[in-house]
Amino acid sequence: MARRKGLVSAVALAIAAGSTAIWVWHRPGAPEKPAVVAPEPKMIDPSVPEYKLLDSVLYVDEWRAFGNPVGFTYLPKSRPPGLVSIGPGNPPDLSGGSHRGTGNGALIDAYDAKAGGSRVSGIVEFSARPTSTCDDVREMTHAVCVRSGKLANPSPTDPDVRYVTVYFTADNDAALTSAEAKKLGRFWAEVDMVPAGEAAWFTDAVTRARAAVVE
């Protein structure tokens, strides 16, 4: 009888253990955390001077700090005249991939400026080889190319950055022929392009932007 009771107890324990194992095996796991593919947005006090510029600069710098830059590896050594804001020409890849390159492989940065009371958009294109961009711009309305040639001091570690092209677009031709627009064109035709860390105007803007973040 004792042996029978022992056998029954052993079977009961085995069933219980089996049930526990099945429960553990089928127990729902903790929900997976979604992959973080973008920096957490930060807001700048809209009352600060040059709010729009600082907001755009902070956006660019936040992506850089996040480890997936949205461009602006090279910047003009001095601040462009009439600058209002900057932005990536290669849209951020929100799947987590790199933002580098377009259809022709170029890296594109955009600079918005005021010239003669009108908004002028400057497109700066970096590429490994000469592109047909300036030829293409001639076929566009309200657009003009002001620079196309080798970068003076390209990074030895980045073969994608060897040539620089700059062109402007606007809502009308008059916006591109004002005295201010011509001055802007001369600036971009001649300015030295330097690594971002060497552009003091940009690092100053980043400092001001971070000081203006609303907590």
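The values are calculated or read from the model by the stated rules, or taken from the named source; none is laboratory data. Treat the numbers as computed from the prediction; the structure is a model and nothing was measured. Neighbour counts are summed over all protein chains in view; Cβ atoms, including those assigned to glycine, are modelled from backbone coordinates with ideal geometry. Surface areas here come from the heavy atoms of the whole protein model, side chains and all, with no ligands, DNA or RNA. Shrake-Rupley method; radii C 1.70, N 1.55, O 1.52, S 1.80 Å.
Computed quantities for the displayed model
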{"read-out": "Subset tally (residues that are touching a helix residue (DSSP H, G or I) at 6+ places or on another chain (Cβ under 7 Å) and under 16 Å from F72 (Cα atoms)) for the stretch 117-166", "value": "4"}
{"read-out": "Looking only at the stretch 150-199, and only at residues there that are among the charged types (D, E, K, R) and closer than 19 Å to T131 by Cβ, the one that is most open to solvent (accessible area, probe 1.4 Å)", "value": "K150"}
{"read-out": "S98 vs. criteria more than 29 Å from V164 (Cβ to Cβ), modelled with pLDDT under 90 and surrounded by fewer than 14 Cβ atoms within 10 Å (Cβ to Cβ)", "value": "no"}
{"read-out": "Qualifying residue in the stretch 130-149 (condition: surrounded by fewer than 17 Cβ atoms within 10 Å (Cβ to Cβ), in contact with a Lys or Arg (Cβ under 7 Å, 6 or more places away or on another chain) and over 17 Å from A196 (Cα atoms))", "value": "no"}
{"read-out": "Residue match in the stretch 120-128 (condition: crowded, with 18+ Cβ neighbours inside 10 Å, within 28 Å of P39 (Cβ to Cβ) and in contact with a Gly (Cβ under 7 Å, 6 or more places away or on another chain))", "value": "yes"}
{"read-out": "Set L94, L83, L53: member being hydrophobic (A, V, I, L, M, F, W, C), out of contact with any Lys or Arg (no Cβ under 8 Å at 6 or more places or on another chain) and more than 30 Å from K183 (Cβ to Cβ)", "value": "L94"}
{"read-out": "Listing of helices (runs of 4 or more DSSP H) fully contained in the stretch 108-204 that carry 2 or more residues being touching a Cys at 6+ places or on another chain (Cβ under 8 Å)", "value": "133-138"}
{"read-out": "Some residue of the stretch 64-73 being surrounded by fewer than 17 Cβ atoms within 10 Å (Cβ to Cβ), of a type in the set (F, W, Y) and modelled with pLDDT of 90 or more", "value": "yes"}
{"read-out": "Counted residues, the stretch 107-120 - those being closer than 18 Å to V70 by Cα and at pLDDT 95 or above", "value": "4"}
{"read-out": "Which numbered condition L107 fails, given (1) aliphatic (A, V, I, L, M); (2) surrounded by 19 or more Cβ atoms within 10 Å (Cβ to Cβ); (3) without any contact (Cβ under 8 Å) to a residue 60 or more places away in the chain; (4) farther than 27 Å from A35 by Cβ", "value": "(4)"}
{"read-out": "Residue match in the stretch 191-199 (condition: among the hydrophobic types (A, V, I, L, M, F, W, C), more than 25 Å from the chain's Cα centre (by Cα) and more than 22 Å from W63 (Cβ to Cβ))", "value": "no"}
{"read-out": "Per-region count, the stretch 36-63, residues touching a strand residue (DSSP E or B) at 6+ places or on another chain (Cβ under 6 Å), free of Cβ contacts under 8 Å to residues at least 40 places away in the same chain and surrounded by 19 or more Cβ atoms within 10 Å (Cβ to Cβ)", "value": "1"}
